[in-house]
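A short write-up of the structure that comes next.
Every number in this text was worked out from the coordinates using simple rules, so none of it is lab data. As the structure is a prediction and not an experimental result, all values here were calculated from the model. As a convention, Cβ positions derive from the backbone with ideal geometry for all residues, glycine included, and neighbour counts pool all protein chains shown.
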Amino acid sequence: MTAPAEPIRAAAHGYTPRLPVPMDSPRAALDQAVATVRANRDAWIATPPEARARLLDEVMRATAAVADRWTELSARHEGMDPDSAAAAEEGIVGPYLFIRGARLHRDALRDIARLGRPRIPGPVRILPNGQVTARVFPVDIWDNLLFLGSVGDVWMEPGVTVEGLAATQAEAYRTPPPGRVCLVLGAGNASSIGPLDIIQKLFVESQVVVCKSHPVMAHLAEVHEAAMAPLVRAGVLRFVHGGAPEGSYLCDHPDVDAIHITGSDRTYEAIVFGTGPDGAERKRRDNPLVTKPFSAELGNLTPIIVVPGRWSGRELAYHADNIATMLTNNAGFNCTTSRVIVTAEGWPQRTALMDLVRQRLAATPTRLAYYPGARERFATFADIHPEAELIGTGDDAHLPWMLIGGLSPDAVGDPCYRMEAFCSVTAETTIPGNDVETFLARATTFANDALWGTLNATMIVDPRTMRDPAGRPAVELAIEQLRYGAISLNHWSAIGYGSGVTPWGAFPGHHRTDIGSGIGFVHNPLMFGRPQKSVVRSPFVAWPKPVWFGSHRTAHRLVPHLVRFEVDQALYRLPAIAFHALRG
């Protein structure tokens, strides 16, 4: 395993790392990893919930011990000074979210031991359309304090009843499945994705895991193994390393029973059908090369639907910060990045909002384009849209922010609507319709039919509109009709990923020949068997400022305290959390 090299200075942009080259696992090591976990698959099925919960306690403590190193290595890898406020995003998306996910699964296992199923923290009710929803967030009193008044519901698939909901939970514990080996193909963009996918497969689906790390995550190989060492020692998890050849070998391995990937639809199709003309023909005939059970999260073109209203200057500035953060976080290498900002063409405040977004982007330092292919994808959009605004300074290592404004919703073939840029590119689409009802009806149709992907969407709507007799029903109808696995009101839809308790995955219904954003859900500690989508609702303007905002001044001081609080929830940690939160 190659240790990360020390960073070198870059004149105008802080740190630029020398990226480590991962050491590929030889085939004998791949075989040994599969054999080891396979030998323990039946014992894992027989492991009771209490013992599994104790393992997760150990994982949380082990992660806390390496959390600072995890954050530091991630920040350096992405070209940031580890002591800067911006670097806090790596502490959030890395150790904080992983420890939170482990804790929520641990608590669910304790519930299973006592009650036979995970406890749903809020009410279960029936919507006017007949669907059943469960209030899952906030999980406890601490969520009420730390998550700024947000609430989250899981909408179940049509046909699930209130009386039958419990029977959909924790199926692997009610009817233990046969032992299976799952190959997890780790993601390269956010450092908690692979570890949380492992938690899903081990503790929700009761599958033992071989995880092949993504080459872009090579710098965290030792940290991830240290954090999850209790599971490695238990013989139910092995990490291996390498690129496409190692991944292909494991996908075809006769002792691998199931596969999970977080990546792109192109990678999924290459695995399942192959590449080139032969792969295209196999896809057309639905004649896959790989027929193993396959779950996947494969990206999205995230719409930010800005509902017209009467906003104050403070509200405009807040949501400009909110929208800009959705692009600048992780340099735009997220499946939750704001790809298409959807505004009302005649909204009087549209220009003011977009100008403030530009100002916020201009105030945000450009970021290292660390993810492979970023410069090429950026150039593709720049060539197709020479009118695009480039904001901030780029160089050989850093890309400016690109804003492609005023796109027509009828430009259905535009790559802004069909291709995930996966870099620092966002677009704005203007839709006719000044009244809320007309705009939302058209925006919903546009998001569902014109944009690629069904993973997550954000809607921004002011409280005055929600109090309006015509406005609120229009908003609720849009939420019902949007075909996305996660929908967020007012906060960035990444909160659906980060809450740890709202299932994360594509809207159900994709087939392997039209895979879209994928199949299946992760981040599902309440172990619902038939979720359709999650809906998180947040205050229009949250106070204190959300820690993930790009303009937060003390996030790097606050996040380490949040990490430690997730481990033990000790009351004495709250004053430090409040102190740094209020200074953001």
* Look through region 345-354, keep the residues that are within 13 Å of Gly405 (Cα to Cα) and either in contact (Cβ under 8 Å) with a residue 12 or more places away in the chain or of a type in the set (Lys, Arg) (or both), and return whichever of them is surrounded by the most Cβ atoms within 10 Å (Cβ to Cβ). => Leu353
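Anything in region 315-357 that is charged (D, E, K, R), touching a strand residue (DSSP E or B) at 6+ places or on another chain (Cβ under 6 Å) and more than 24 Å from Ala190 (Cα to Cα)? List them, or say none.
Glu345, Arg350
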* Structure fact -> The one condition Ser248 fails out of (1) free of Cβ contacts under 8 Å to residues at least 60 places away in the same chain; (2) small (Gly, Ala, Ser); (3) within 21 Å of Trp44 (Cα to Cα) is (3)
* **Boolean, Leu231 is assigned to a helix (DSSP H, G or I), farther than 30 Å from Thr168 by Cβ, in contact with a helix residue (DSSP H, G or I) (Cβ under 9 Å, 6 or more places away or on another chain) and of a type in the set (A, V, I, L, M, F, W, C)** => no
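Quick check on this structure: which one of Gly500, Gly509 is among the small types (Gly, Ala, Ser) and buried (at least 21 other Cβ atoms within 10 Å of the Cβ)? If you could, list the steps in order and put the result at the bottom.
Details: Gly509 fails: buried (at least 21 other Cβ atoms within 10 Å of the Cβ).
Gly500 is the lone residue from the list that is among the small types (Gly, Ala, Ser) and buried (at least 21 other Cβ atoms within 10 Å of the Cβ).
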* Tell me, yes or no, whether region 409-418 has at least one residue that is in a loop (DSSP other than H, G, I, E, B) and of a type in the set (Val, Ile, Thr). => yes
* Check on Met402, crowded, with 23+ Cβ neighbours inside 10 Å, under 22 Å from Thr328 (Cα atoms) and touching an Asp or Glu at 6+ places or on another chain (Cβ under 9 Å) -> yes
* Asked: If Pro544 satisfies every condition in (1) more than 30 Å from Thr364 (Cα to Cα); (2) surrounded by fewer than 17 Cβ atoms within 10 Å (Cβ to Cβ) but one, which is the exception?
  -> (1)
* Quick one: which residue in Ala87, Ala67, Ala53 is more than 30 Å from Leu109 (Cβ to Cβ) and either crowded, with 17+ Cβ neighbours inside 10 Å or touching a residue at least 40 places away in the same chain (Cβ under 8 Å) (or both)? => Ala87
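Here is a yes/no grid of residues against (1) more than 25 Å from Ala324 (Cβ to Cβ); (2) under 15 Å from the mean Cα position of the chain (by Cα):
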site: Val59; (1), (2): yes, no
site: Val66; (1), (2): yes, no
site: Trp70; (1), (2): yes, no
site: Ser74; (1), (2): no, no
site: His77; (1), (2): no, no
site: Asp83; (1), (2): no, no
site: Ala87; (1), (2): no, no
site: Val93; (1), (2): no, yes
